[in-house]
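Some notes on the structure that comes next.
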Amino acid sequence: AKRAGRSQYRYFDEGLNAVARERLERESELRHGIEQGQLRLHFQPKVDATTRRVVGVEALVRWQHPRLGLVMPGDFIALAEETGLIQPLTDWVLEAACEALAHWPPEVAVSVNIAAPSFAGADLGERLDALVARHGLQPGRLVLEVTESMLMSDTTAGIARLHELREHGYLLSLDDFGTGYSSLSHVKRFPLHELKIDRAFVRDLYSDGKDRALVASIITLARLLDLQVVAEGVETEQQAAILCELGCTVHQGYLYARPLPEPALLALLGAALPP
Ligand code: C2E
Ligand code: CA
Ligand code: CA
Ligand code: CA
């Protein structure tokens, strides 16, 4: 029994080493991938459900891995955040989004997800100003998506940063709304222009009366605070119809379009999506 115990312990220890080693490998692979230009942007439309026209676009990063193929952000953003690689990653995303945007119709804005370390980083406003100037863009064409949890860790600093970005002319969106812990009094103090209802509340809208009530109250809140409200993860006509009935007509989701490479996205801009 004693021997079995020892060998089990050794096995466990080697397992830990293997985990740590794999993590290090993944980290250096990701660093290499960023440096070697393996990141890609896909773009998912935000659609006005009443006209079926594209009213905005969210940039979503992917990693074109030489061996694994297209890796989704759920599999590498957390690692990037833990290792500091999120800074060069966010810089790359912002650069690529602005480069694309510079060739798009001027009424289209692009939304970019800003992770906590980038949001808190020094001189974000100035760095964004240099970026948009370099691409000849107005700051109002860039929407910065932030989450409640980022703002709750240091609310005072977070609100100051939001005001700074807003004064520089950027648009601010609160992503995954409803999943964090911000109180209504906080949301009132955030200088936002948009709330995005998390897809967790959209999924069961048809069958779950509580979710419907929650979504209705988020829409009411948005209207009270004079914010645009976007529903995420709209997959069915039933969900779309309920959202419209509740007063939310800007939708993002597979019902309308998946995240697309730029050429496919460009084909959708300007024309109404098929019903
Ligand atoms: P998110 O910001 O909430 O982005 C929306 C996610 O929902 C995207 O997943 C999108 O493909 C997916 N989605 C859109 N419509 C539907 C739908 O109808 N049904 C379902 N089931 N899913 C839908 P994606 O691209 O895998 O991104 C996942 C998350 O990774 C994002 O969630 C965001 O938090 C993060 N992320 C993506 N790109 C970036 C980036 O450039 N920077 C940072 N910091 N985070 C990013
Ligand atoms: Ca987002
Ligand atoms: Ca979201
Ligand atoms: Ca999310």
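The values are calculated or read from the model by the stated rules, or taken from the named source; none is laboratory data. Note that the structure is a prediction, hence the values are computed from the model and not measured. Cβ sites come from the backbone with ideal geometry, for glycine too, and all protein chains shown count toward neighbours.
Some points to look at:
- Condition broken by G233, with the remaining ones in (1) more than 16 Å from ligand 2 (Cβ to nearest atom); (2) closer than 16 Å to A200 by Cα; (3) not polar (S, T, N, Q) satisfied: (1)
- Only a single item in (1) out of contact with any Ser or Thr (no Cβ under 9 Å at 6 or more places or on another chain); (2) of a type in the set (A, V, I, L, M); (3) touching a residue at least 12 places away in the same chain (Cβ under 8 Å) is not met by A130, and it is number (3).
- One residue stands out in region 98-126 among those that are away from ligand 3 (no atom under 16 Å from the Cβ) and small (G, A, S): the one that is surrounded by the most Cβ atoms within 10 Å (Cβ to Cβ), namely S118.
- Scope region 127-138; condition closer than 18 Å to P191 by Cβ and surrounded by 19 or more Cβ atoms within 10 Å (Cβ to Cβ); matching residues: L128
- Considering V71, V112, the condition of being under 16 Å from H42 (Cα atoms), modelled with pLDDT of 95 or more and in contact with a Phe, Trp or Tyr (Cβ under 7 Å, 6 or more places away or on another chain) is satisfied by V71 alone.
- Scanning region 248-269 for residues that are closer than 20 Å to E235 by Cβ and either in contact with a strand residue (DSSP E or B) (Cβ under 8 Å, 6 or more places away or on another chain) or surrounded by fewer than 17 Cβ atoms within 10 Å (Cβ to Cβ) (or both) yields a total of 15.
- For A272: the one exception among (1) surrounded by fewer than 21 Cβ atoms within 10 Å (Cβ to Cβ); (2) without any contact (Cβ under 8 Å) to a residue 60 or more places away in the chain; (3) more than 17 Å from the chain's Cα centre (by Cα): (2)
- Test for D204: is it under 30 Å from G158 (Cα atoms), acidic (D, E), surrounded by fewer than 18 Cβ atoms within 10 Å (Cβ to Cβ) and more than 16 Å from ligand 4 (Cβ to nearest atom): no
- Taken together, L94, L124, L79 contain a single residue that is in contact with an Asp or Glu (Cβ under 8 Å, 6 or more places away or on another chain) and within 16 Å of L165 (Cβ to Cβ), which is L124.
- Of all the numbered requirements in (1) over 29 Å from L268 (Cα atoms); (2) out of contact with any Leu (no Cβ under 7 Å at 6 or more places or on another chain), R26 misses one, and that requirement is (2).
- The condition of being more than 16 Å from ligand 4 (Cβ to nearest atom), hydrophobic (A, V, I, L, M, F, W, C), in contact (Cβ under 8 Å) with a residue 12 or more places away in the chain and surrounded by 15 or more Cβ atoms within 10 Å (Cβ to Cβ) holds for only one of A231, A240, that being A240.
- Counted residues, region 147-173 - those being in contact with a strand residue (DSSP E or B) (Cβ under 8 Å, 6 or more places away or on another chain) and at pLDDT 95 or above: 7
- Summed over region 131-147, the residues that are within 16 Å of ligand 1 (Cβ to nearest atom) and part of a helix (DSSP H, G or I) give a count of 1.
- Hits in region 140-160 - residues which are within 18 Å of the chain's Cα centre (by Cα), surrounded by 15 or more Cβ atoms within 10 Å (Cβ to Cβ) and more than 16 Å from ligand 4 (Cβ to nearest atom): R141, L142, G158
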